[in-house]
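Participant: Below: one structure in structure tokens.
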Amino acid sequence: MGDGAAGFSLMDVDTLVRQNLPVVMVVGNNSAWGLEKHPMRLLHQYDVAADLQQGLRYDAVVAALGGAGEVVTDPGGIGPAIDRAMSAGVPYLVNILTDPEAAYPRSTTGL
Ligand SMILES: Cc1ncc(C[n+]2csc(CCOP(=O)(O)OP(=O)(O)O)c2C)c(N)n1
Ligand SMILES: [Mg+2]
């Protein structure tokens, strides 16, 4: 999920913990609502109300709710982090920090 989606949904980890469901969550954390930010820039040459806190510790939120997690900043660290997540036995969030300036491609606008 994205970091924006994490903001919408992470309190549900409380349920995962109480129901003993060791779900693995992988967050692509670009400190933005990227799907809003970059099309705004494309269409209007500016963006507004699309930035989120940089480097926010969504993994620490999951830990506070009774799960666990970690931050990843290097691509080579993603695989080992997911391995740890898969064997953690508790809900686990891998918080991958990415470049806010990197716009992902989209085909729906035809642009
Ligand atoms: C409940 C709800 N509100 C608003 C939207 C509109 N919306 C679609 S994508 C998006 C931003 C998502 O940001 P993030 O999860 O960080 O993903 P990113 O595009 O940055 O990878 C929003 C607000 C939505 N899909 N659902
Ligand atoms: Mg995002």
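Participant: So for segment 51-103, averaging the separation of alpha carbon pairs under 8 Å that are six or more residues apart and normalising by length, what relative contact order in percent results?
Facilitator: Reported relative contact order: 40 percent.
Participant: Once the Cα atoms of helix 34-44 and of the chain are each reduced to a long axis, what angle between those two axes, in degrees from 0 to 90 to the nearest 10, is obtained?
Facilitator: Relative to the chain, helix 34-44 is tipped by roughly 10 degrees.
Participant: Could you work out the percent of alpha carbon pairs in the chain separated by over 18 Å, rounded to a whole number?
Facilitator: Summing the P(r) tail past 18 Å for the chain gives 52 percent.
Participant: Summing Lys, Arg as +1 and Asp, Glu as -1, what charge do residues with Cβ under 13 Å from the Cβ of residue 93 carry, residue 93 excluded?
Facilitator: Around residue 93, the surrounding residues sum to -2.
Participant: Using a 10 Å cut-off around each Cβ, can you sort 104, 92, 58 from fewest to most neighbouring Cβ atoms?
Facilitator: 104, 58, 92
Participant: Now, a different point. For the chain, with a Gaussian network of springs between Cα atoms less than 10 Å apart, report the residue from 97, 35, 43 with the top mean-square fluctuation.
Facilitator: Result for the chain, Cα springs under 10 Å: 43 fluctuates most.
Participant: Which residue, 76, 34, 66, tops the fluctuation ranking in a GNM of the chain built on C-alpha contacts under 10 Å?
Facilitator: 76
Participant: Please give the Cα centre distance for segment 72-111 versus segment 1-62, rounded to the nearest Å.
Facilitator: Cα centres, segment 72-111 to segment 1-62: 11 Å.
Participant: I need the phi-derived Karplus couplings for segment 77-84: 6.51 cos²θ - 1.76 cosθ + 1.60, θ = phi - 60°, integer Hz, Gly and Pro marked x.
Facilitator: Once rounded to whole Hz, the list reads x, 5, x, x, 5, 5, 4, 4.
Participant: While we're on this one: Taking 0.36 nm per intervening residue step and subtracting the Cα-Cα distance, what contour gain separates residue 18 from residue 104 on full extension?
Facilitator: Answer, rounded to one decimal: 27.4 nm.
Participant: May I have the convex hull volume per residue, in Å³, for the Cα set of segment 56-111?
Facilitator: Enclosed volume per residue, from the Cα hull, is 118 Å³.
Participant: Still on this structure, please answer the following. Using Cα springs under 10 Å in a Gaussian network model of the chain, which residue among 59, 51, 74 shows the largest mean-square fluctuation?
Facilitator: Of 59, 51, 74, the Gaussian network model singles out 74 as fluctuating most.
Participant: Here's a follow-up. Grab the other residues whose beta carbon is less than 14 angstrom from that of residue 32, score K and R as +1, D and E as -1, and report the net.
Facilitator: Spelling it out: positives minus negatives among the neighbours equals -4.
Participant: Relative contact order of the chain, please, whole-number percent, based on alpha carbon pairs below 8 angstrom and at least 6 residues apart.
Facilitator: 33
Participant: Below 14 angstrom from the Cβ of residue 61, what's the summed charge of the other residues (Lys, Arg +1; Asp, Glu -1)?
Facilitator: That sum, taken over residues with Cβ under 14 Å, equals -4.
Participant: Report for the chain the percent antiparallel among DSSP-assigned beta bridges with both residues inside it, nearest 5.
Facilitator: 10
Every number here is computed from the coordinates shown, using simple stated rules; none is lab data. Since this is a predicted model, take the numbers as computed values, not measurements. Counting neighbours? That spans all protein chains shown, and the Cβs are built from the backbone with ideal geometry, glycine included.
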